[in-house]
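Below is one structure, written out as structure tokens; the observations come after it.
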Amino acid sequence: MKFQLAIIGGGPAGYTAAEAAGKAGLSVVLFEKNSLGGVCLNEGCIPTKTLLYSAKVYDYARHASKYAVSVPDASFDLPKIISRKAKVVRKLVLGIKAKLAAQQVTVVNGEAYIVDKNTVRCADETYECEHLIICTGSQTVIPPIQGIDQVSYWTHRDALDNKELPRSLAIVGGGVIGMEFASFFSSLGVQVTVIEMMNEILNGIDRELAASLRTEYSKKGVKFLLGAKVTSLSQDDEGIHVHYENADGANSICADKLLMSVGRRPVTEGFGFENLNLELTERRHIRVDAHLRTSVPGVYVCGDLNGVSLLAHTAVREAEIAVKDILGEPEEMSYRAIPGVVYTNPEIASVGQTEEVLQANGTSYRTVKLPMAYSGRFVAENEGSNGVIKVLVDDKDTVLGVHILGNPASELIVLGGMMVEEHRNLEYFKRFVFPHPTVGEIFREL
């Protein structure tokens, strides 16, 4: 049982590394204790977006009259929405299995334990390897709130499989996960309250655009409690009571269901990491260099485990960089232009620096901002909706950050990311002929 590369974790980092290494001719073994695809495919990115798309279609049906179309009895079937989500996940998992099989990757279903940097044990088998990539992912953080063990709360995993709508839902955490579930459930008619400890939702996203998105959802009936620290939880026949403190003092709300979405943390226990004695950062994450190498030669850490950027697309690129290093074709990982997207309706996306970061660093910048109405296609397809593209540039008009509110921000943000990564200025957009009409051609107007 000797391999050139052993990989622990079959999420985006793991299966990407396995496929790339296998394609390059390395013998690869991949350990995954649950399902291939990891959290992203099985209980994160893909299932969440599948549900959100169903909610978006329902939104369009309910408001079809804005486009001179009549849909008098728009309705939805939640169990079928959940079933469709499961079907999409199954299809994509089978696709990953097929790609790994095509590259002769040995997939072992079980919990791997690291004996040393060249030895991994799983069940009763021992596997030897020349190189080791560890990508065990992350898990939901459950804060030590008083009474939390006395109430029946949801994590994102529970919310994804729920087949009965509550009348009301309290969401603790106004980050990406919290806002996406707020979008889904509010679209289906649930009274949603978002409780966020910071004074604005979506920490890390441009504050002006985050505030605009919050305003949009407030109009849709979502309630927001900002600057609110949850102090305790309790449950009785009326529902779940969330007790909190904010600038107005102590208060509470009651809801049928409670969703905890305050963040994620790397999974580090149970894999024998202590046998490697890896160097840690000040924040107790595993330290890696620009090639994803750890302090132990031959051992790499990719994805959420290194704590640099807990995003699936970051993990994919890190895996590619690690494999290139193993193959003797080193490239450095760049985090300059990692896009972040919130798949609400409308979407919000961000890449590069925000105004808040630039101001904190004392960096001189200029803001270039245009309404999405500069795009004819946006106006045609978004009746009654507003949007904005906001670009931050330095004194030479080099793009430092791009922030977009409006559909399809998730598809447009990559254009901004290219500009940030390549240190391009605004004039660079004008060199290209954009198809007309598209929303993306608004970049030429900047």
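For the reader, a short list of remarks on this structure follows.
- Residue count for the stretch 349-385, restricted to those that are under 19 Å from Y60 (Cβ atoms) and in contact with a strand residue (DSSP E or B) (Cβ under 7 Å, 6 or more places away or on another chain): 1
- Filter result for I81 (of a type outside the set (K, R), crowded, with 16+ Cβ neighbours inside 10 Å, under 25 Å from the mean Cα position of the chain (by Cα) and at pLDDT 95 or above): yes
- Restricted to the stretch 187-213, and to residues there that are polar (S, T, N, Q) and over 30 Å from V357 (Cβ atoms), the residue that is surrounded by the most Cβ atoms within 10 Å (Cβ to Cβ) is S187.
- Unique match (being farther than 18 Å from S152 by Cα, surrounded by fewer than 19 Cβ atoms within 10 Å (Cβ to Cβ) and out of contact with any Pro (no Cβ under 8 Å at 6 or more places or on another chain)) among G221, G174: G221
- Single condition R90 does not satisfy, out of (1) without any contact (Cβ under 8 Å) to a residue 40 or more places away in the chain; (2) among the charged types (D, E, K, R); (3) farther than 16 Å from G10 by Cβ: (3)
- Boolean, E331 is of a type in the set (D, E, K, R), over 21 Å from G401 (Cα atoms) and under 19 Å from the mean Cα position of the chain (by Cα): no
- For beta carbons closer than 6 Å, sequence separation of 6+ or different chains, a first residue in the stretch 145-170 that is under 18 Å from T50 (Cβ atoms) and outside the structural domain of T48 (by TED's automatic domain parsing) and a second that is aromatic (F, W, Y) and at pLDDT 95 or above, the qualifying pairs are A159/F181.
- Whichever residue in the stretch 14-37 is touching a Cys at 6+ places or on another chain (Cβ under 8 Å) and in a helix (DSSP H, G or I) and, among such residues, is farthest from G110 (Cα to Cα): A17
- Restricting the stretch 303-328 to residues that are in a loop (DSSP other than H, G, I, E, B) and more than 16 Å from the chain's Cα centre (by Cα), the residue that is nearest to N118 (Cα to Cα): L327
- Restricting the stretch 202-251 to residues that are aliphatic (A, V, I, L, M) and under 21 Å from the mean Cα position of the chain (by Cα), the residue that is farthest from P143 (Cα to Cα) is L209.
- Selection over the stretch 16-37 of residues that are touching an Asp or Glu at 6+ places or on another chain (Cβ under 8 Å) and either more than 16 Å from V120 (Cα to Cα) or among the β-branched types (V, I, T) (or both) gives a count of 3.
- Here is the figure for the stretch 349-372: residues that are surrounded by fewer than 13 Cβ atoms within 10 Å (Cβ to Cβ) and farther than 16 Å from V399 by Cα total 3.
- Whichever residue in the stretch 237-262 is farther than 23 Å from F185 by Cα and of a type in the set (D, E, K, R) and, among such residues, is surrounded by the most Cβ atoms within 10 Å (Cβ to Cβ): E245
- Some residue of the stretch 66-86 being within 20 Å of E180 (Cα to Cα), part of a helix (DSSP H, G or I), charged (D, E, K, R) and without any contact (Cβ under 8 Å) to a residue 24 or more places away in the chain: yes
- Segments classed as strands (runs of 3 or more DSSP E), wholly inside the stretch 106-214, with at least 3 members that are farther than 30 Å from N275 by Cβ: 168-172, 191-196
- Qualifying residue in the stretch 383-395 (condition: of a type in the set (D, E, K, R), assigned to a loop (DSSP other than H, G, I, E, B) and touching a Pro at 6+ places or on another chain (Cβ under 7 Å)): no
- Test: residue in the stretch 412-435 that is acidic (D, E) and free of Cβ contacts under 8 Å to residues at least 24 places away in the same chain: yes
- When the stretch 252-283 is filtered for residues that are on the phi < 0 side of the Ramachandran plot, under 26 Å from the mean Cα position of the chain (by Cα) and part of a loop (DSSP other than H, G, I, E, B), the ones remaining, listed by number, are S261, V262, V267, T268, E269, F271, T281, E282, R283.
The values are calculated or read from the model by the stated rules, or taken from the named source; none is laboratory data. This structure is a prediction, so every number in the text was calculated from the model and none was measured. Cβ: placed from backbone, ideal geometry, glycine included. Neighbour counts: every protein chain shown.
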